[in-house]
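**Student:** Can you read through this structure? Questions will come right after.
The values are calculated or read from the model by the stated rules, or taken from the named source; none is laboratory data. Predicted model, so just to flag it, every value in this text is computed and none were measured. No Cβ is skipped: glycine too gets one built from the backbone with ideal geometry, and neighbour counts run over all protein chains shown. The area values use the complete protein model at the heavy-atom level, side chains included, leaving out ligands, DNA and RNA. Shrake-Rupley method; radii C 1.70, N 1.55, O 1.52, S 1.80 Å.
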Amino acid sequence: MTVAPALLGLLQSGPRHGYDLKRAFDERFGQDKPLAYGQVYSTLARLLKNGLVEVEHEPGDGPDRKRYAITEAGVSDVAVWLATPEKPEPYLQSAMYTKVVLALLTGRDAADVLDAQRTEHLRLMRELTRRKSEGDLADQLVCDHALFHLEADLRWLELTAARLDDLATSVRG
Amino acid sequence: MTTSPPAASASTHPAPADPGTTPGGALLAAHDLHLAFGPTTALASASLEVHPGEVLALMGPSGSGKSTLLHCLAGILRPDSGRVTYGGRDLTAMSDVERSALRRSEFGFVFQFGQLVPELTCAENVALPLRLAGVGRRDALGTAREWLTRLEVPDVADKRPGQTSGGQGQRVAVARALVTRPRVVFADEPTGALDSLNGERVMQMFVAAARDTGAAVVLVTHEARVAAYSDREAVVRDGRVREQVRA
Ligand SMILES: Nc1ncnc2c1ncn2[C@@H]1O[C@H](COP(=O)(O)OP(=O)(O)O)[C@@H](O)[C@H]1O
Ligand SMILES: [Mg+2]
């Protein structure tokens, strides 16, 4: 699940209203599926309960006077999330994309994020390669299918690593 | 069916003496290498350790310095600064004669295109490193044939390299690299010119044979599926190494 850590990461640049936060998320990560308000508020409630955000009440009494701010525990939560590779499986790009963008936005090393993922992918590829050389033809075909998908992911990681400088400019710009 | 590797024909070709390792357990190490080709920086503080018997993949984008690093580790290129140590010995401080003697006795090489001698038969190509080490012709050719059988290409023994397929040629090159039972085999994109099925078979046999003889392998590749035959990988980027922890 990337929504909670992504919202948290977006709060690292400063406190925001729930509405603002949803807009910022949709702009960067919601290409094909904007967040529902319900999910934003339920996620924020959970983050609040876990002490990862806190609420600042603004003076006045209109609706949505609450601003959410990240706590120190929240900042380290984001750091841990970024440093933990995703479980390798096909189509993890969106989670990886979110991590890379958030690493750039929060001034962390996005190359480290990509490297950690690459290590995790290669670890699984080694395991499959070992299984393949010990198995029968059916095992080989099954393993090869997974290996080709993981290889495609790795190419994406490599390409993204080569484009980090450009991505940093466009993300911050 | 797999055959066991040819016995270490100890009588005709004793394995090299244990070169020893540095305190960190490294057999071969690059320390802070810098190397420029004119205005082009190829290595910018590259450091790397190779441990005995491990298969290490050097990955990274094209032009990042992988081949240059491999050539420095193998004593083919001398860095502008920094040191390469093998066992306790400083390769960068040796004379050219000493270094090529060391290369012949302790190292093996596999390149993208076999680099076999076209005028010799495949068996003669595999026997060549043994002949250079002083082994008699008959023994050398016998051992060469055993290696070709081990790599499942016994029928190419009497053919010239030009009469073999790419995959067969690379297996001959692997046999030639391992025939002297080196401590380290350097392989630069060994499957780069092969289709994926042939590439896989070459990698499988290469790594299995290297493990059987206890040779460490430094494998340069930009292909993840080839790197997946290794024990660990190090990524070269802009002439520097981002090394991964040992598994
Ligand atoms: N003999 C050479 N003369 C000039 N430039 C070279 C030479 N060998 C390598 N280079 C340059 O050094 C850099 C690293 O090359 P190389 O080690 O071959 O990279 P890789 O093997 O990772 O593709 C590249 O910019 C390459 O163009
Ligand atoms: Mg190269």
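**Student:** Please compute the Kirkwood hydrodynamic radius of segment B:94-184 from all pairs of different C-alpha atoms, in Å with one decimal.
**Tutor:** For segment B:94-184, the Kirkwood estimate is 13.1 Å.
**Student:** Could you give the Stokes-Einstein D for segment B:148-247 in µm² per second, using the C-alpha Kirkwood radius, 37 °C, 0.692 mPa s?
**Tutor:** The diffusion coefficient I find is 228 µm²/s.
**Student:** Counting only protein heavy atoms, what percent of the accessible surface of the protein assembly as shown is carbon or sulfur at a 1.4 Å probe?
**Tutor:** The computed percentage sits at 52.
**Student:** Still on this structure: Please figure out what share of the DSSP beta bridges in the protein assembly as shown is antiparallel and state it in percent, rounded to the nearest 5.
**Tutor:** 60 percent
**Student:** Now a separate question. With a 1.4 Å probe and all protein chains left in place, how much accessible area per residue does segment B:28-246 have, in Å²?
**Tutor:** Here the residues of segment B:28-246 average 39 Å² of exposed surface.
**Student:** Any chance you could give the angle, 0 to 90 degrees and rounded to 10, that helix A:110-134 forms with the longest Cα principal axis of chain A?
**Tutor:** Around 30 degrees separate the two axes.
**Student:** Right, something else. For B:Val220, which sequence-distant residues (separation of 5 or more, or a different chain) have an amide H within less than 5 Å of its own amide H, given hydrogens modelled in the peptide plane?
**Tutor:** Under 5 Å from the amide H of B:Val220: B:Leu58, B:Ala187, B:Asp188, B:Glu189.
**Student:** Same structure, new question: Could you work out [θ]222 nm for chain A from helices alone, using -39500 (n - 2.57) per DSSP H run of at least four and dividing by all its residues? Round to the nearest 500 deg cm²/dmol.
**Tutor:** The per-residue figure over chain A is -22500 deg cm²/dmol.
**Student:** Quote to one decimal, in nm, the extra length available between B:Thr149 and B:Glu119 on full extension: 0.36 nm per residue of separation minus the C-alpha distance between them.
**Tutor:** 8.7 nm
**Student:** Okay, moving on. Need the per-residue list for segment B:218-232: every residue with at least 40 Å² less accessible surface in the complex of protein chains than in the chain by itself, probe 1.4 Å, sorted by number.
**Tutor:** B:Ala224, B:Arg225, B:Ala228
**Student:** Mind giving me the FRET efficiency for A:Glu134 and A:Leu159? R0 is 41 Å, r the Cβ-Cβ distance, nearest 0.05 is fine.
**Tutor:** E(calc), rounded to 0.05, equals 0.80.
**Student:** Which GluC sites (Glu not before Pro) in segment B:86-129 sit in a loop by DSSP (not H, G, I, E or B) and have at most 13 other Cβ atoms within 10 Å of their own Cβ?
**Tutor:** Counting only loop positions with at most 13 other Cβ atoms within 10 Å, the GluC sites (Glu not before Pro) in segment B:86-129 are B:Glu119.
**Student:** May I ask for the Rg/Rh ratio of segment A:3-83, computed from Cα atoms with Rh as the Kirkwood radius, given to two decimals?
**Tutor:** Using Cα coordinates only, the ratio equals 0.96.
**Student:** Find the sum over both chains of the accessible area lost when B and A are paired, probe 1.4 Å, and report it in Å² to the nearest 100.
**Tutor:** Buried area between the two chains comes out at roughly 1500 Å².
**Student:** Shape verdict for segment B:132-201, please, from the Cα gyration tensor: rounded (a/c under 1.5), prolate (a/b greater than b/c) or oblate.
**Tutor:** oblate
**Student:** Give the long-range amide H neighbours of B:Ser45: residues separated by 5 or more places, or on another chain, with amide H under 5 Å away, using H modelled in the peptide plane at 1.01 Å from N.
**Tutor:** B:Leu33, B:His34, B:Leu35
**Student:** Using the reciprocal of the averaged 1/r over all distinct C-alpha pairs, how large is the Kirkwood radius of chain B in Å?
**Tutor:** The answer is 18.2 Å.
**Student:** For A:Glu127 and B:Asp96, FRET efficiency with R0 = 45 Å and r from the beta-carbon atoms, rounded to 0.05?
**Tutor:** 0.55
**Student:** Debye calculation, C-alpha points only, no solvent: report log10 I(q)/I(0) for segment B:73-123 at q = 0.14, 0.15, 0.27 Å⁻¹, in the same order as the q values.
**Tutor:** So the normalised log intensities work out to -0.47, -0.52, -1.08.
**Student:** Between the alpha-carbon centers of segment B:172-240 and segment A:63-135, tell me the distance in whole angstrom.
**Tutor:** 30 Å
**Student:** Could I ask something else about it? Over segment A:3-83, with the other protein chains present, what is the accessible area per residue in square angstrom, probe 1.4 angstrom?
**Tutor:** Normalised by residue count, the accessible surface of segment A:3-83 is 55 Å².
**Student:** Follow-up question, since we're still on this one. Name the residues of segment A:120-138 whose accessible area falls by at least 20 Å² when all protein chains are present instead of the chain alone, probe 1.4 Å?
**Tutor:** Checking the loss per residue gives A:Leu122, A:Met125, A:Arg126, A:Thr129, A:Lys132, A:Ser133.
**Student:** So what are the radius of gyration and Dmax for the Cα set of the protein assembly as shown, in Å?
**Tutor:** Cα radius of gyration and Dmax of the protein assembly as shown are 26.7, 98 Å respectively.
**Student:** How about segment B:83-122: which chymotrypsin sites (Phe, Trp or Tyr not before Pro) there are in a DSSP loop, with at most 14 other Cβ atoms within 10 Å of their Cβ?
**Tutor:** Sparse-neighbourhood loop chymotrypsin sites (Phe, Trp or Tyr not before Pro): B:Phe113.
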